Amino acid sequence: MQCPVCKQRASSLPRYALSLQGVSLRQSLLGLLKCEHCGALLRTVRYSNNLWFAAMAGLALLTIVVALFSVERLRSLGNLVVLLYWVLLVIIVIGIYVYGIWKAAILEQVTDVQESKPTIS
Ligand SMILES: [Zn+2]
């Protein structure tokens, strides 16, 4: 995600994933964020095709993991191992999802917060 104002990276991945990025919770839910370099108020308008590549890569990775470690084989090791296996799969999926969204987000500067309506794109 590149800031359209200063042309630098608007937010690092940990900042994107773990913080509200300088806006209130309500603004964050509307898809708003502040650039970490220039402080411009930004909004995600759409996602580039990279998102589809990330989704495909995630799917391929999951297929490999499932093929390598079948649940049947893990079951003999106990329920805890099976549980950890599913937790790991969920973490991988969420991780790829967050990374893909972060990488592919195309931003636009918001000039008037009051008039901007949340758009699902
Ligand atoms: Zn900026």
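The values are calculated or read from the model by the stated rules, or taken from the named source; none is laboratory data. Quantities reported herein were computed from a predicted structural model and do not represent experimental measurements. Because the Cβ atoms are built from the backbone with ideal geometry, glycine has one as well, and the counts that use them run over all protein chains shown.
Out of all the residues in the stretch 35-49, is one or more part of a helix (DSSP H, G or I) and within 24 Å of Met1 (Cβ to Cβ)? I'd like the intermediate steps shown before the answer.
Residues of the stretch 35-49 that are part of a helix (DSSP H, G or I), as a first pass: none.
No, every residue in the stretch 35-49 fails to be part of a helix (DSSP H, G or I) and within 24 Å of Met1 (Cβ to Cβ).
Here are the criteria: (1) part of a helix (DSSP H, G or I); (2) loosely packed, with under 14 Cβ neighbours inside 10 Å. Tell me which single one Tyr97 does not satisfy.
Going through the list (1) part of a helix (DSSP H, G or I); (2) loosely packed, with under 14 Cβ neighbours inside 10 Å, Tyr97 breaks only (2).
State all residues of the stretch 1-26 that are of a type in the set (A, V, I, L, M), in a loop (DSSP other than H, G, I, E, B) and more than 10 Å from the ligand (Cβ to nearest atom); if no residue qualifies, say none.
Here is the first cut: in the stretch 1-26, the residues of a type in the set (A, V, I, L, M) are 1, 5, 10, 13, 17-18, 20, 23, 25.
Add one more test, that the residue is in a loop (DSSP other than H, G, I, E, B), and what stays is 1, 5, 10, 20, 23.
Once the filter is applied, which keeps residues that are of a type in the set (A, V, I, L, M), in a loop (DSSP other than H, G, I, E, B) and more than 10 Å from the ligand (Cβ to nearest atom), the stretch 1-26 yields Met1, Leu20, Val23.
Any residue in the stretch 1-15 that is in contact (Cβ under 8 Å) with a residue 24 or more places away in the chain and under 13 Å from Leu33 (Cα atoms) sitting within a Cβ distance under 6 Å of a residue that is among the acidic types (Asp, Glu) and surrounded by 15 or more Cβ atoms within 10 Å (Cβ to Cβ)? List the pairs, counting only those 6 or more apart or interchain.
Ser11/Glu36
Residues in the stretch 37-52 that are small (Gly, Ala, Ser) and in contact with a Gly (Cβ under 9 Å, 6 or more places away or on another chain): how many? Working first, answer last.
Let us first name the residues in the stretch 37-52 that are small (Gly, Ala, Ser), namely 39-40, 48.
Imposing the further condition that a residue be in contact with a Gly (Cβ under 9 Å, 6 or more places away or on another chain) reduces the set to 39.
Going through the stretch 37-52 one residue at a time, the tally reaches 1.
Filter the stretch 32-48 down to the residues that are more than 16 Å from the ligand (Cβ to nearest atom) and not small (Gly, Ala, Ser) and list them by number. First the steps, then the outcome.
Filtering the stretch 32-48 for residues more than 16 Å from the ligand (Cβ to nearest atom) gives 46-48.
Correct list: Arg46, Tyr47.
Can you tell me which residue is nearest to Leu62 (Cα to Cα) among those in the stretch 90-121 that are at pLDDT below 85 and not β-branched (Val, Ile, Thr)?
The qualifying residue nearest to Leu62 (Cα to Cα) is Tyr97.
Considering each of Leu51, Leu107, Leu29, Leu68 in turn, give the residue that is away from the ligand (no atom under 16 Å from the Cβ), at negative phi and crowded, with 16+ Cβ neighbours inside 10 Å.
Values: Leu107 fails: away from the ligand (no atom under 16 Å from the Cβ); Leu29 fails: crowded, with 16+ Cβ neighbours inside 10 Å; Leu68 fails: crowded, with 16+ Cβ neighbours inside 10 Å.
Only one candidate qualifies: Leu51.
Pairs under 7 Å by beta carbon, first residue within 16 Å of Val93 (Cβ to Cβ) in the stretch 44-58, partner among the aromatic types (Phe, Trp, Tyr), six or more apart or different chains?
Matching pairs, first to second residue: Ala54/Tyr99.
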